[in-house]
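For reference, the structure is listed below as structure tokens.
The values are calculated or read from the model by the stated rules, or taken from the named source; none is laboratory data. In this text, all values refer to a predicted model and were calculated from it rather than measured experimentally. Cβ: placed from backbone, ideal geometry, glycine included. Neighbour counts: every protein chain shown. Heavy atoms of the whole protein, side chains included, go into the accessibility calculation; ligands, DNA and RNA do not. Shrake-Rupley method; radii C 1.70, N 1.55, O 1.52, S 1.80 Å.
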Amino acid sequence: MPLSLGILIVLYDAWFYWIHRLLHWRPMYRFHALHHKSVAPSVWTNHHESLTEAFLNQAFYIIVPFIPPIPWQIMVVQKLYDQVSGMLGHAGFDHFASPAGRSPFPLASKVFHNRHHRHFRYNYGFTFSWWDRLIGTIHPTYDETLASFEPGTKVLPRPSDTNELR
Ligand SMILES: [Zn+2]
Ligand SMILES: [Zn+2]
């Protein structure tokens, strides 16, 4: 069961990255523009999206039961995780700032998606940063900005990054 949950979270993150890239393609961006009206997102921004965008993201749950044999209960748990992390990821506050959210670790922090809303062309993933690192779409100062928010760090943020989060 835990392995199934881990596989599902990894698969959904890949789905989200590539659907998100598709939505930033010029002919498709009109379906994603509503979500990007929030340049400083709040918890409510999580569901501020068009019907087409919502369908493309949630189509994962139509397709995935035909690929690996994952119990439906695990899909419910993953969906709950996605809901909560989606809300936290738009909250404008990083509750869990730590080195685990930056290089060399694959997890993405809340700063990660906040930066996507601010800069549009970087950080298309959500739970993990590995697709952005692999494809080269990670924001160039993401790692050092996150490090500057960690307690006890001596890394100073760049002046343009100081208003990133409250
Ligand atoms: Zn967002
Ligand atoms: Zn976007």
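Among residues of segment 23-44 being more than 10 Å from ligand 2 (Cβ to nearest atom), part of a helix (DSSP H, G or I) and in contact with a His (Cβ under 9 Å, 6 or more places away or on another chain), the one that is least open to solvent (accessible area, probe 1.4 Å) is VAL43.
Does PRO71 count as open to solvent by less than 50 Å² (accessible area, probe 1.4 Å) and either farther than 20 Å from TYR17 by Cα or at pLDDT 90 or above (or both)? Yes, satisfied.
Of the residues in segment 98-105, at least one is within 19 Å of HIS139 (Cβ to Cβ), surrounded by 13 or more Cβ atoms within 10 Å (Cβ to Cβ) and free of Cβ contacts under 8 Å to residues at least 40 places away in the same chain.
Tell me, please, whether a residue that is in contact (Cβ under 8 Å) with a residue 60 or more places away in the chain and either acidic (Asp, Glu) or not in a helix (DSSP H, G or I) (or both) can be found in segment 52-67. Scanning segment 52-67, I find no residue that is in contact (Cβ under 8 Å) with a residue 60 or more places away in the chain and either acidic (Asp, Glu) or not in a helix (DSSP H, G or I) (or both), so the answer is no. Can you name every residue in segment 11-22 that is under 21 Å from TYR122 (Cβ atoms) and either assigned to a loop (DSSP other than H, G, I, E, B) or not aromatic (Phe, Trp, Tyr) (or both)? Scanning segment 11-22 gives ASP13, ALA14, ILE19, HIS20, ARG21, LEU22.
Output yes when any residue across segment 84-97 is without any contact (Cβ under 8 Å) to a residue 60 or more places away in the chain, polar (S, T, N, Q) and not in a helix (DSSP H, G or I), and no when none is. No: segment 84-97 contains no residue that is without any contact (Cβ under 8 Å) to a residue 60 or more places away in the chain, polar (S, T, N, Q) and not in a helix (DSSP H, G or I). Looking at PHE126, is it modelled with pLDDT of 55 or more, under 23 Å from ASP13 (Cα atoms) and not basic (Lys, Arg)? It is true that PHE126 is modelled with pLDDT of 55 or more, under 23 Å from ASP13 (Cα atoms) and not basic (Lys, Arg). Hey, any hits in segment 106-115 for a residue that's open to solvent by 50 Å² or more (accessible area, probe 1.4 Å) and out of contact with any Phe, Trp or Tyr (no Cβ under 8 Å at 6 or more places or on another chain)? Looking for residues that are open to solvent by 50 Å² or more (accessible area, probe 1.4 Å) and out of contact with any Phe, Trp or Tyr (no Cβ under 8 Å at 6 or more places or on another chain), one finds none in segment 106-115, hence no. Filtered by the rule that a residue be in a loop (DSSP other than H, G, I, E, B) and open to solvent by less than 20 Å² (accessible area, probe 1.4 Å), segment 116-126 gives ASN123, TYR124, GLY125.
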